[in-house]
Structure formats: structure tokens, C-alpha cells
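For reference, the structure is listed below as C-alpha cells.
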Amino acid sequence: MNKDNYLIINLLFLNKRSNNLKKTITSNMNKTSQTKKSTQKAVFAEGCFWGVEDLFSKLKGVVSTTVGYAGGHIKNPNYLMVCTGLTGHAESVEVEFDPKVISYQELLNVFWNSHDPTTVNRQGPDYGSQYRSIIFYNNAEQKELAELSKKSLEKSKKFQNPIVTSIEQLEIFYPAEEYHQDYIKKHGGNSCHF
């Protein structure tokens, strides 16, 4: 085989491998895009975000959790700022979930059953406006389901005191500092949540 034929065969082989690689990359990108499109996000505030994140992260159908801050009026808050109570933010958890596996309604049930929604600015030993109970909705459907679930819980008389949980549109969610993410998984110990 002469050098020209050898070169042509190698170029054809490399071109075929390159096309196959392009197809693989495109296929993987499409799968990733479809996965992202098939998930939804919910944001809850119910006290110390370490325990809330730990609880939701263990649910089948939850793809990821991120602790952070929502509901305030200061851009890019950090933990120390939020702890002052002056930013208006609540410690919150963003829950990315697959609605084919776990519904938003099921997440609401976990929310209502994992904290005391009758205490103002307090959960267990933690107190301050950053520990208030809030459901942040991302769309009209989440808002409606949250309101219905709250009304249903109020009618059930499960709690002696009135439910003080607010239902608010999510304006922006700020992820907390890295050392807060997956805190209980990283450090062990008990949840600060009741």
C-alpha cells in the first residue's frame, strides 16, 4: 500500500470515529437536557437548613438538594448576614425532584410533617426570622397545591395553634456557602431538626 492510500484510509477512519464521537456527545447532551427538563424544583423553609436538607435528600425521587437563602431583600446574602435577621431571608432548601417518582404534593406532606408550622420565627432551639416556616412556590400549580394543603391541614385540626406558615412566590434563591451543603452527610451527627 502506498503512502497516499494509507493516508486516505487513516483520514476516512478518523473521520468515521469523529462522526461517531459527535453522535455520542450529541446523544449524551440530549439525554442530559431531557433529564433537566423532566425535573422540577421546590423550595421550603422550616428551620435550620441542615436538617431539612438531610431529610429531603433521602427521599426517593429527589435528584438533588441545595441549602441557601430565600425571601429577603438583600442581594447575595451570606450566612452571617442572614443570622442578623436584617436581610429578611430564611434558611431554605431547594429540592430538585423527578415528578414521575415523587410528586410535589408528597414533598408538601413531608414539609408539613417535619416541623412545627405553628411557631413564629422558631423551630426547636433555633429562633429568629431566618427560621420561619415558608413554602416558596415557582409557578401557579405549586401555589395552588401549597394553599390547598395548608387549608386541608388547618381543617384537620392536627395542631392546637394556628398554622403560621406563609406561602410566597420565590423571587430568587441564593445557594449558601459550600461548607453548609450536605452538612450532616459530611460531618455526621444528629439533625438539628425535630
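Read the figures in this text as sums done on the coordinates, not as results from a lab. Predicted model only: the values in this text are computed from it and were never measured. Cβ coordinates were reconstructed from backbone atoms using ideal geometry, including for glycine residues, and neighbour counts include every protein chain displayed.
Points worth noting:
- Charge sum, other residues only, whose C-beta stays under 12 Å from K143's C-beta, Lys/Arg counted +1 and Asp/Glu -1: -3
- Across all directions, the shadow cast by the convex hull of region 54-194 built on its C-alpha atoms averages 8.6 square nanometres.
- Count Lys and Arg as plus one, Asp and Glu as minus one, and take only other residues whose Cβ is under 15 Å from that of S103; the net charge is then -2.
- Under 20 Å from a label point set 7 Å out along the Cα-to-Cβ vector of E171, the amide N atoms of region 139-153 belong to 139-140, 143.
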